[in-house]
Every structure is written in structure tokens, then in C-alpha cells.
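No value in this document is a laboratory result; all are computed from the given coordinates. Source: prediction; values computed, not measured. Reconstructed Cβ throughout: ideal geometry from the backbone, glycine too, with neighbour counts over all protein chains shown.
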Amino acid sequence: MKVVNVVLSVLILLLAITSAVFSYFLFDKRGQLVGGWEKMAAAINKTAAELDKGTGTTLAGELSTSALGHDQFSSLDGKLGKISDLAKQVITERDALADALFRIGSTVEMANIAGKEAAFRNINTYSTNKDDVINAVSDAVNQRNALIRSLITAAAKLNVKLDAGELKRGDLKAFRQLDERLAEIGGRQNAFERNVREIGGQTGVSGLNFDTGKYEESLKRVVQSVIDLKNKLKEANDKIASLQREIASLQAAVKERDGKIAALQKTLETKQAQIDEFKVALGVDSTLELPAQWKEGSVEARRAVCARVVQVSEKFGYVTINMGSMSVVTQKIGNKEFDINPQLQDGMELVVARGDLNSPDLQYVGRIKLTQVDKSCSIAEPVSDAMPIAVGDIVFFDVATLK
């Protein structure tokens, strides 16, 4: 919308410039015409004065410059007619009339008139020069009328109606509406330039110059700055839209996760209820955490292994323990006991000790390695001996090596 306003403002400004140009020419020509009119009035008055000399007439008094002013146009016919009558009566004063004609020709800017004063006094060239003066005056009037028509056309473009008759009569009131319109346009132009500068200041454009030679350049700079700002705004809006889409996607993901969390929470509540039931069934205090049941072959199950050496073969150097692949250890949860298979396997190493497992006097005997695991017993060979292994020694896993 700002760009449309700027374009409309530029069009209005161009119309204002055109009107100003036409107004300039109008006032210039009008000034020339008024000046010429005043000169013509002075010439006629002077001519009348010359005719009055020695004639006993007082025509000069009647044809004063004020009486011949352009604002007295309506009464000129009758006054100028007296000049014609008097000229017929004082043909002997033709030279004075010739001078007047020459002056008139000069006033209307006849071509090549300079230095031809004598030609207007010559009876042989008088008629021709007279016609030239008449034509020149006619051309001046035509130019004035053409200028008036152009002015009326230009004013119409500004919705101002001028009266040709009033303009021809030189009525300054005829220009009042045009003056007001031009003043309004001038005010608009000033407001336009002021606001364009403000726009430029807001968009980072400085040093604007609205002189005639740099007017368009300054406007283009402001327009380009607005376009750049608009592009940046579009980029920002696109980024915002992208972020909004991302936020919407994240919100959808959060909502989906909330749903999953709610479902999991419900499942957790169900599981907790089941755990509470298990605690009751197992006789575990409801305030305590229910321990997890060991898995077969787990570290916890192997930590609970406590076997005995049941045979020592000094001849072959092996020992037999009373646990095999089907042997179990006991896990007590509440008032319940669960049998867990620690899953003894060939290659496992165990510690051999002597005494009570829970006694501080327990003696380290050595380490053995399982070589054959049967269902209820296993055969092992010593891998290190602190002392000879004996029947009844305790066999267990080294907690530090369990994984």
C-alpha cells in the first residue's frame, strides 16, 4: 500500500510540476503582455499629446495611461476611435502617427523592426509597415489567446475552471482559484517531501535532495529502501512462519509425547498397583521398594553361590564341588524364597576358602577353574594355591571379577 501511495504522490507531483511550468510561462507572458500594454498605453498617450500639439485638442488628457490601462479594456473602443478621427483630421501629423506605429511594432516585438523608423514616415512604405504592425499586434493577441487557452487547459487538469474573457480583460480575480489550487499543490508537495524524508529516515536513507536535478534520484533511493525493507520484512515473516510451523510440529510432538506419558503413567500406576499386591503377597513392607527377582546367570545369582569341596584327587590334581549346571541358589523376597540357577559354566574361576563364610577368621586357600560342569556337581583344577585344598572348603565367586 505504501508503494501505491508513493506512486500516486509522484503522479500528483508531476502534475504539480507541469502546472507550475505552465504557470511560470503564463505569468511570464502575462507580465510581458501587461508591460506591453502599459507601454502601448504610454505610446498612445504620447501620440495623443503629439496630436494635441498645435491642434487645440485635449485628446491626451482623455487618453491618459491610467485611462488606457488593461483594466479599462471595455472602454478602449470609444477612446481609440477618437484617435482615428483625429488622425483623419490631422493627416499632416502623419509622421507622429508613424512614430507611434513604430513604437507599437516595437512593443509587440515585430521582427527586424530595429532601424526602420524612417520607413514608417515614408509615404511609399507607410502602408506596408502599417500592415506589419497590425499583423504583429494580431500575432501578439493570438499568442495571448493561445496562452490563455493553454492556461485554461492546464488549470482544467487541476480541476480549476478559468474564464477566457476574464483573463483577456486581465482580471486578477480569475487567477484566485488557480492560485489557491497551486498553493494547495505546493503544500501537498512540501508535505510529500517531508513525509518522504521521514520515510527515508526510518528506512536508513539520509541526504535526500529534492532539487530539480536530483528529485527523481532521491525518490528512487527512498523507494529502493522501502523495497529492501519490504524484502527484509518478507524474510522475517517467512522465518516467523517457518518457526511457527516448527513450533506447531513441536507442540504436536509434545502433545503426542504427553499422550504417551499419560499412557505410560497409567501403565505405571497399574504396575505399581500390581507391585503393591506383590508386596502384600510377599509380606514386604509397603513403604519399602520391592527388590527385583534375580535372573538366571545374573551377577546377583552368582554372588549367592556358596558351594563345598566334596572330593580332592591328589593323584590327578582335581577337586569336585557340590554344584552343577542344574544347581540353584535361593533369593528371599519377603516371606517367599525363589530358586535361581547361577548357570555355572566351564572356564569359570572361583575362590576357595576355609572356615565360616561370615566369620572374620575365614582363610583364603586358593582359586580353582571349572573344567567340567555336570548337572549336580562340577570338576575343577586349582589355578593358584595358598595352601592345599581340602574337602569341606567353601567355594564362591570373587565379587570383584563378576560382570
Can you give the FRET efficiency to the nearest 0.05 for residue 231 and residue 134, using r as the Cβ-Cβ distance and R₀ = 60 Å? 0.35
Rounded FRET efficiency, nearest 0.05, which uses the C-beta distance separating residue 150 from residue 58 and R0 of 25 Å: 0.05
Within the stretch 355-369, whose backbone N sits under 20 Å from a point 7 Å along Cα→Cβ of residue 402? 355-360, 362-369
As a footprinting exposure proxy, order 354, 149, 245 by other Cβ within 10 Å, with the fewest listed first. 245, 149, 354
From fewest to most C-beta neighbours within 10 Å, the residues 83, 240, 17 line up as 240, 17, 83
Projected-area mean, the stretch 299-401, by convex hull of Cα positions, square nanometres: 6.8
Subtracting the Cα-Cα distance from 0.36 nm times the residue separation, let me have the gained length for residue 269 to residue 163 in nm, one decimal. 28.4 nm
Looking only at the stretch 370-398, which residues have a backbone nitrogen under 14 Å from a spot 7 Å from the Cα of residue 315 in the C-beta direction? none
